[in-house]
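S.K.: So that we are looking at the same thing, I have put the structure below in structure tokens.
The values are calculated or read from the model by the stated rules, or taken from the named source; none is laboratory data. Not measured: the values here are computed from a predicted model. Ideal geometry is used to build each Cβ from the backbone, glycine not excepted, and the neighbour counts take in all protein chains shown. Side chains included, ligands, DNA and RNA excluded: accessible areas come from the protein's heavy atoms. Shrake-Rupley method; radii C 1.70, N 1.55, O 1.52, S 1.80 Å.
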Amino acid sequence: MSGNLPAPGSALRAMFRHECALQLRNRSELYNPLLFFTSIIVFVPLGISPEAGFLKQLAPGMVWIIALLSVLLSLDRVFQADFEDGSLEQALLSGQSGYMLVLAKVLVHWLFTGLPLTLLSPVLGIMLALPAEAYGCLMLSLFFGSGALCFIGAVGAALTVSLRRGGLLLSLIIIPLYVPVLIFGSGAVSAAAIGDSYGATLAVVVAFWLAALMLAPFAALGALKINLAE
Amino acid sequence: MQQLLLDKVSFSRDEVPLFTDVEASWPAGSIVQLQGANGAGKTTLLRIIAGLLRPSAGRVSFNEVPSGHYDFLSQLLYLGHQPGVKRSMTPLENLRWYFALNGLKGVQSSARPDEPGYVQALAKVGLRHYEDVPCYQLSAGQQRRVALARLFLSEAPLWLLDEPFTAVDVHGVALLEERIQAHAEQGGLVLLTTHQSWRVAGLEVLDLERFKASGARG
Amino acid sequence: MNWQWFHRLGSPKWFYEKTTPWLPWLGFSALILLTVGAVWGLGFAPADAKQGNSYRIIFIHVPASFIALAGYYIMAISGAIGLIWRMKLAYMTMKAAAPIGAVFTFVSLVTGAIWGKPTWGTWWEWDARITSMLVLFFLYLGVIALQQSFSSRDAADKTGAVLSLVGTVNIPIIYKSVDWWYSLHQPATLKIVGKSSIDASMAYPLLTMILAFYLFYAWLLLTQTRVEILDRERRSQWVKAILLKPKLQEAA
């Protein structure tokens, strides 16, 4: 009886297009994490010190922490709308691979949050007097790092998807899981900022990204099914 | 022979039993209405059959394929309370997305409907000229009918419909009755719940009150 | 291999009745070992050459840290058993294990801070082990908070299990990452607590305390699991029979 579904490749492409179109149509939600990312930077000199020498030391970690928070704030909408309007159960009942569907959703989410954050990060680097040597590493580490953050965070988003006010809880359960990514991500940028070699540290971030990409959709899928059985 | 089989299906939520040992089977071509008071578990049973919920005991199979299995899902059309219609998308886009994942689910056919097919299906549910209007500009009833348009295209052998007539006018109900009847005649099996009165030939009824669990357990 | 015991675990009633006679044995042996270990460690073990008497807090700190980590794995393994074999008892153990583990982690953190004051001159030091322990504490809190926010027990059990499994995969990574991070930032002045081999006169009371803590933990976990069993099975006849027995005897 099998083989009467559209080919996985074409279904995945359609899913990808559909998700992208959805992101583009809810533009205000799209801008918010980016606005948060760029506006909260004002707090750093105001709250700590505007002195360039001091900011320079702070910059790698600060940009990373702010990027991490922006991703965290954007997470609760990865699955929420789909869960509430029934699209999620329709997608999972279509017979297409649930793993691929979750992968496509999170990938598109990253495309519209993680990637813009990465592209914006040099601006923040300049405002925090990040040394010129570190920009390449900053963008590379955020490119892969924000991917890892999105995929790990998707597990938390899936776990809390049926809870009305799951936002804060989502942060609570995900923060400890973000520790390794933050350590190696900001570690690589810090090394680059003082002219050290950062290749190995960056490689660890890429490894986290790959591992999250492969494993997190399984956990997220399981969590979504549990919530659908509510 | 296609057949939907419920084998001693029981369900309890957090140790509170809802129904026990539901036993039934229907051959292809049946139209079955689930009956029972509010809270008898009609929606729950539909979700169990679809594979969204796991029964506490018992098994569900369609054509000997257990529910939730890939080969089961590839024969299934499920319409829940929340129909999975995106408000920011147009009716046409919504249908395209649904059928890009599901296809027609006809026997041995992985085809998707074509564009005129979508437009026709939308016309059947009274959405002619609304094809390109974003759904958030449509009324709740109209949004619901975007999901119902799937029925006018899908060839899936098993339909599970939770309150399909909600927010549909008299004329719409008549069209749906006709479509459900036609689907059954082509060998489809339709299970549905509804509070509205409707008529089709050869309707079978499964009364969930018969399987109501007695309060205390041993 | 006889798997019957494993299938019997599917019945909370069987488990409850089977473990009733274990409780006093576990409880008393834990109490005796705790007393022996504490008196031995605090009263008779020699003072440390560098730290004097302040080191004696390790007799609580070290066993608590052991339990903190082991408790997370016990919670996660219970959750996995629940998910794989759909065993209700495993979920009850998991639910009981979460707050107990969190308390031991907290004890480990507090005793660490108390130890830190005379040793490093500060209550809090971002040392690798303390930092890892703090992250572990947050992992526990996450699981507890997640479980408590679901109104459906089924969903609470399963999501809790998934989260603790995800946490288990992450714990070694977190520990390694924090170690690496600490190796970058370690201030030279803090190397007071080197990896000196511990003398037998201190090691034996410490081992006694570790064993005592494990027994104590087992007793706590068993008691809490049994409470959870009674709560969840309260509608069943056997629980009613157990709970009403004293009252019926009184009446008779």
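S.K.: What is the set of long-range amide H partners of residue B:22 at a cut-off below 5 Å, with H atoms built 1.01 Å from backbone N?
M.R.: B:9, B:10
S.K.: Assuming R0 = 41 Å, what is the FRET efficiency of residue C:250 and residue B:54, from their Cβ-Cβ distance, to the nearest 0.05? Walk me through the intermediate numbers first.
M.R.: Working: r = 44 Å, r/R0 = 1.06.
Step by step, r from the Cβ atoms, then E = 0.40.
S.K.: Along the charge dipole of segment A:2-229, Cβ charges K/R +1 and D/E -1, which of A:205, A:60, A:111 sits furthest on the positive end?
M.R.: Farthest along the dipole direction, towards plus: A:111.
S.K.: Quick one: 3J(HN,Hα) in Hz for segment B:92-101, Karplus 6.51/-1.76/1.60 with θ = phi - 60°, rounded, Gly and Pro as x.
M.R.: For segment B:92-101, the Karplus curve yields 4, 5, 4, 5, 4, 4, 4, 7, 5, 7 Hz.
S.K.: Across segment C:15-28, in residue order, what do the Karplus-derived ³J(HN,Hα) couplings come to in whole Hz, using 6.51 cos²θ - 1.76 cosθ + 1.60 with θ = phi - 60° and x for Gly and Pro?
M.R.: Coupling constants for segment C:15-28: 4, 4, 5, 5, 8, 3, x, 6, 3, x, 4, 4, x, 5 Hz.
S.K.: Just order C:199-209, A:147-157 by mean Cβ neighbour count inside 10 Å, highest at the front, would you? If you can, show how the numbers build up before the last one.
M.R.: Working: C:199-209: 16.1, A:147-157: 28.5.
So the order, starting with the most tightly packed, is A:147-157, C:199-209.
S.K.: Same structure again: For segment B:106-164, what does the convex hull of the Cα positions come to per residue, in cubic angstrom?
M.R.: About 89 Å³ per residue, rounded to a whole number.
S.K.: Also, quick follow-up: Using a simple spin-label model with points 7 Å from Cα along the Cα→Cβ vector, what separation in nm is obtained for residue C:28 and residue B:35?
M.R.: 6.5 nm
S.K.: With all pairs of different alpha carbon atoms counted, what Kirkwood hydrodynamic radius in Å does segment B:76-127 show?
M.R.: On the way: mean 1/r = 0.0836 Å⁻¹.
Evaluated on segment B:76-127, it is 12.0 Å.
S.K.: Where in segment A:124-165 is the amide nitrogen less than 13 Å from a point lying 7 Å along the Cα-to-Cβ axis of residue A:56?
M.R.: A:128-134
S.K.: Tell me the carbon and sulfur percent of the accessible area for the protein assembly as shown, rounded to whole percent, probe radius 1.4 Å.
M.R.: Details: 19720 of 31230 Å².
Carbon and sulfur together cover 63 percent of it.
S.K.: How big a patch of accessible area, both sides summed and in Å² to the nearest 100, lies buried between B and C at a 1.4 Å probe?
M.R.: Numbers: alone 11180 and 14500 Å², together 24890 Å².
So the buried area, both faces added, is about 800 Å².
S.K.: Let me ask something additional. After finding the eigenvalues of the alpha carbon gyration tensor for segment A:128-230, what semi-axes result from the square roots of 5 times each, listed largest first in whole Å?
M.R.: 32, 14, 9
S.K.: So, in Å, what gap is there between the alpha-carbon centers of segment A:1-39 and segment A:100-134?
M.R.: Answer, in whole Å: 17.
S.K.: Given H placed 1.01 Å from N in the peptide plane, which residues other than close sequence neighbours of residue A:86 have an amide H under 5 Å from its amide H?
M.R.: HN-HN under 5 Å from residue A:86: B:84.
S.K.: If a/c stays under 1.5 just call it rounded; otherwise compare a/b with b/c (prolate if a/b is bigger, oblate if not). Do that for the protein assembly as shown, with a ≥ b ≥ c from the square roots of the Cα gyration tensor eigenvalues. Kindly include the intermediate steps, with their values, before the conclusion.
M.R.: Numbers: a/c = 2.94, a/b = 1.35, b/c = 2.17.
Judged from the Cα gyration tensor, the protein assembly as shown comes out oblate (a/c at least 1.5, b/c at or above a/b).
S.K.: Using the Kirkwood radius built from alpha carbon pairs, what does the Stokes-Einstein equation give as D for segment C:128-176 at 4 °C and 1.567 mPa s, in µm² per second?
M.R.: Details: Rh = 11.3 Å.
After rounding, the answer is 115 µm²/s.
S.K.: Based on the Cα gyration tensor of chain A, what are the three equivalent ellipsoid semi-axes, each the root of five times an eigenvalue, rounded to whole Å and given largest first?
M.R.: Taking √(5λ) for each Cα gyration eigenvalue gives 34, 18, 15 Å.
S.K.: Say R0 is 60 Å: what FRET efficiency, to the nearest 0.05, do residue B:207 and residue A:48 get from their beta-carbon distance? Mind showing how you got there, number by number?
M.R.: Details: r = 70 Å, r/R0 = 1.17.
Efficiency, rounded to the nearest 0.05: 0.30.
S.K.: Spin-label point model (7 Å from Cα, Cβ direction): what's the residue B:140 to residue C:39 distance in nm?
M.R.: The modelled label-to-label distance comes out at 7.4 nm.
S.K.: Taking θ as phi - 60°, what are the ³J(HN,Hα) couplings along segment A:82-90 by the Karplus curve (6.51, -1.76, 1.60), each to the nearest whole Hz, with x for Gly and Pro?
M.R.: Working through the residues one at a time gives 5, 5, 6, 8, x, 5, 5, 5, 4 Hz.
S.K.: To the nearest 100 Å², how much accessible surface do chains B and A cover up together, summed over both, with a 1.4 Å probe?
M.R.: Values: alone 11180 and 11430 Å², together 19460 Å².
Result for this pair: about 3200 Å² buried.
S.K.: Evaluate segment C:1-114: find the radius of gyration of its Cα atoms, find its Kirkwood radius, and give the ratio Rg to Rh.
M.R.: Numbers: Rg = 18.5 Å, Rh = 16.7 Å.
Dividing the radius of gyration by the Kirkwood radius yields 1.10.
S.K.: How much area per residue is accessible in segment C:1-113 when the probe is 1.4 Å and only protein heavy atoms are counted (Å²)? Walk me through the intermediate numbers first.
M.R.: Details: 5760 Å² over 113 residues.
With all protein chains present, segment C:1-113 gives 51 Å² per residue.
S.K.: For residue A:197 and residue C:230, what does the FRET efficiency come to when R0 = 60 Å and r is the distance between their Cβ atoms, rounded to the nearest 0.05?
M.R.: On the way: r = 60 Å, r/R0 = 1.00.
The formula returns an efficiency of 0.50 here.
S.K.: Can I ask one more? For a quick protection proxy, order the peptides A:103-112, A:177-186 by their average other-Cβ count within 10 Å, most packed first.
M.R.: Numbers: A:103-112: 22.6, A:177-186: 25.5.
So the peptides A:103-112, A:177-186, ranked by packing, come out A:177-186, A:103-112.
S.K.: How big is the Rg/Rh ratio for chain C, C-alpha atoms only, Rh by Kirkwood, two decimals? Walk me through the intermediate numbers first.
M.R.: Details: Rg = 21.1 Å, Rh = 20.3 Å.
Rounded to two decimals, Rg over Rh is 1.04.
S.K.: May I have the convex hull volume per residue, in Å³, for the Cα set of segment B:89-218? Don't skip to the end; give the middle numbers.
M.R.: Working: hull volume 20.9 nm³, N = 130.
About 161 Å³ per residue, rounded to a whole number.
S.K.: While we're on this one: So if each residue of separation counts as 0.36 nm, and I subtract the Cα-Cα distance between residue A:123 and residue A:10, what length gain in nm does that give?
M.R.: Values: separation 113, 0.36 × 113 = 40.68 nm, distance 3.82 nm.
Full extension of this stretch gives 36.9 nm more.
S.K.: Now for a separate question. Residue B:13's amide H: which non-local residues (gap 5+, or another chain) put their own amide H closer than 5 Å, with H modeled 1.01 Å from N in plane and none for Pro or chain starts?
M.R.: Result for residue B:13 returns B:18.
S.K.: Shifting gears a bit: Per residue of C:219-227, count partner chain C-beta atoms within 10 Å of its C-beta, then hand back the mean as an integer. Write out the running numbers ahead of the final one.
M.R.: On the way: counts 0, 0, 0, 0, 0, 0, 0, 0, 0.
Partner Cβ neighbours, averaged per residue: 0.
S.K.: In addition: How large is the Rg to Rh ratio of segment C:100-223 when both quantities use alpha carbon positions and Rh follows Kirkwood?
M.R.: 1.03
S.K.: Need one number: nm distance between label points at residue B:170 and residue B:198, each 7 Å from Cα along Cα→Cβ, rounded to one decimal.
M.R.: If labels sit at residue B:170 and residue B:198, their model points lie 1.7 nm apart.
S.K.: Something else now. Which value, in square angstrom to the nearest 100, describes the accessible area buried between chains A and C on both sides, using a 1.4 angstrom probe? Before the final figure, lay out each step's value.
M.R.: Numbers: alone 11430 and 14500 Å², together 23990 Å².
About 1900 Å² of accessible surface is lost on pairing.
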